[in-house]
Amino acid sequence: MQNLSARQRTVGGVLEFSGFGVHSAQPVTLTIAPAPADSGFKIQRKFEDGSIVGPVSVHFARVTRTTLCTTIDLGDSVSVATVEHVISALSGLGVDNALLTVTGPECPIIDGSASPFAEALMRAGLETKNKSRRYSKIMRQVLVRNNAASAALEPYNGRQLDVEIDYDSRLIGRQRMIFDWTPRKYFDDVSRARTFGFVRDAKILRQAGYALGSSMDNSVAIGSGPKNEDRILNPGGLRYEDEFVRHKLLDAVGDLALCGLPIYGRFRSYKGGHALNALVLHGLFASEANYQVVTAEDLPLGYDSLNDMPEGLGVRPYLRSVS
C-alpha cells in the first residue's frame, strides 16, 4: 500500500470565506472545494446571475498583472486578482488539487495573511487520492534580473526558499529568511505573516486604483514618527519580528505554485516580488533541460513525510485516505 504522504491531496471539505478585496474594496466570497487527482489548482468566477467563467488552471501563463498582487486571466475579459495568499496556503500545506470559486474581481484579503485559509484547511483536513504526487525537479539554474533585484531556481535536494529584502527604511532594512519547506514549518513560521505598506504611499496608490480596501485590519501599516523614523501603527505590533520578509516568502510560495506542480529545488530571491516570481517560471519552462517531472517515489526516502505535518485544529485527522 502506498504511503499517504506520497499520494496527491485535496481539501477535506468545502470551505467558504467572505470579505472584500484589498485593492478593489469590493465584497467577495471565495469557496475552496475538493478536486480530482491531476487537476491542480483551478479557479472560476461566479456572477450574480449564476453564470460562471472558467474554471481555468491557476498557472503562470495566465498571469496578466503583477503590480502589488498576482492577477489571473479567466478569459472573456474576466480576471481574478490577489490569488497568491490562498494559493500559498494550499501549496504551503501540501495540497495538490482544489477548485476555487470567487464572486468578485479579487480574492478576499481577510487579515492580510494566509492564516485564515491555512487554519480552515487544518480544521477540514486533507484527503488523499490514489495517485502519486508529482514535482517539477529543477535540473539546472534559471536566473532572472531586474536591475539590482533577482530571482533564481536551482537544483537542490529538497524544497528550499531563500528570500532577502532590502528596504530604505530603518524599521525594515535588510532581512533574510531561509526556509526548508514542510507543512508544519509553513503553518507555524510563514502563514501568519501579513502584507504591509507605508502610509506615505497610500494616497498615490489609491489614486492609481490600488489599496482601496487596505486598513490596519488587513495590513501592517508603517507610519512616520515625530523624528521622521518609521514605526508600526497597528496596536498589536508585529506577529513575527521579521514579519516583512516572512510575508514576501509567503507570497513567493503562492506565486511559485503557479508552476502547476510543487517545485523540488531551491528558490532564491533578492528584492524580488510578484513580477520576478512569474518571470522566473517563464524562464524555467523556456527549456525542457531546466526541469524534470518526477513522482514522490523518485525523491529521497522520507521526503515530504507525515513526520512534520501540523497537528489538526479540529477533530478530523489532518491527512486521511478516501481511495
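Any residue that is among the charged types (D, E, K, R), modelled with pLDDT of 95 or more and loosely packed, with under 15 Cβ neighbours inside 10 Å - is there at least one of those in segment 264-272?
Within segment 264-272, not a single residue is among the charged types (D, E, K, R), modelled with pLDDT of 95 or more and loosely packed, with under 15 Cβ neighbours inside 10 Å.
Looking only at segment 232-252, which residues are farther than 26 Å from Ser18 by Cα and exposed (fewer than 13 other Cβ atoms within 10 Å of the Cβ)?
Listed by number, the list holds a single entry, Glu241.
How many residues, within segment 25-53, are in a loop (DSSP other than H, G, I, E, B) and either among the small types (Gly, Ala, Ser) or in contact with a helix residue (DSSP H, G or I) (Cβ under 7 Å, 6 or more places away or on another chain) (or both)?
7
Restricting attention to segment 191-213, which residues are touching a strand residue (DSSP E or B) at 6+ places or on another chain (Cβ under 7 Å) and either over 15 Å from Thr67 (Cα atoms) or acidic (Asp, Glu) (or both)?
Arg194, Phe198, Val199, Arg200, Gly213
Can you name the condition, by its number, that Asn97 falls short on among (1) open to solvent by 10 Å² or more (accessible area, probe 1.4 Å); (2) in contact with a Ser or Thr (Cβ under 9 Å, 6 or more places away or on another chain)?
Evaluating Asn97 over (1) open to solvent by 10 Å² or more (accessible area, probe 1.4 Å); (2) in contact with a Ser or Thr (Cβ under 9 Å, 6 or more places away or on another chain) leaves (1) as the failure.
Quickly run through segment 189-210 and pick out the residues that are charged (D, E, K, R) and surrounded by 12 or more Cβ atoms within 10 Å (Cβ to Cβ).
Start the filter on segment 189-210 by keeping residues that are charged (D, E, K, R), which leaves 189, 192, 194, 200-201, 203, 206.
Those that are charged (D, E, K, R) and surrounded by 12 or more Cβ atoms within 10 Å (Cβ to Cβ): Asp189, Arg192, Arg194, Asp201, Arg206.
As an exercise: evaluate Val22 against (1) surrounded by fewer than 23 Cβ atoms within 10 Å (Cβ to Cβ); (2) part of a loop (DSSP other than H, G, I, E, B) and give the number of the one condition it does not meet.
Here Val22 clears every test but (1).
Residue under question is Ser169, and the condition is that it be among the small types (Gly, Ala, Ser), assigned to a loop (DSSP other than H, G, I, E, B), open to solvent by less than 20 Å² (accessible area, probe 1.4 Å) and farther than 23 Å from Cys107 by Cβ; does it hold?
So Ser169 passes the test.
Does Ala35 qualify as being over 28 Å from Asp201 (Cα atoms) and modelled with pLDDT of 95 or more?
Yes, satisfied.
Among the strands (runs of 3 or more DSSP E) contained in segment 94-166, which hold 2 or more residues that are β-branched (Val, Ile, Thr) and within 23 Å of Gly273 (Cα to Cα)? Walk me through how you get there before you give the answer.
Numbers: elements: 98-102, 126-132, 134-138, 142-146, 149-154, 159-166.
Correct list: 142-146, 159-166.
Can you confirm whether segment 46-57 contains a residue that is closer than 20 Å to Ser115 by Cα, modelled with pLDDT of 95 or more and open to solvent by less than 20 Å² (accessible area, probe 1.4 Å)?
no
Among Val190, Val199, Val163, which is the only one that is of a type in the set (Val, Ile, Thr) and more than 30 Å from Leu121 (Cβ to Cβ)?
The unique qualifying residue is Val199.
Evaluate segment 173-184: report whether one residue or more is in a helix (DSSP H, G or I) and open to solvent by less than 70 Å² (accessible area, probe 1.4 Å).
yes
The values are calculated or read from the model by the stated rules, or taken from the named source; none is laboratory data. Note that the structure is a prediction, hence the values are computed from the model and not measured. Using ideal geometry, Cβ is built from the backbone for each residue, glycine included, and neighbour counts are taken over all protein chains shown. The accessibility values were calculated without ligands, DNA or RNA, using every heavy atom of the protein model including side chains. Shrake-Rupley method; radii C 1.70, N 1.55, O 1.52, S 1.80 Å.
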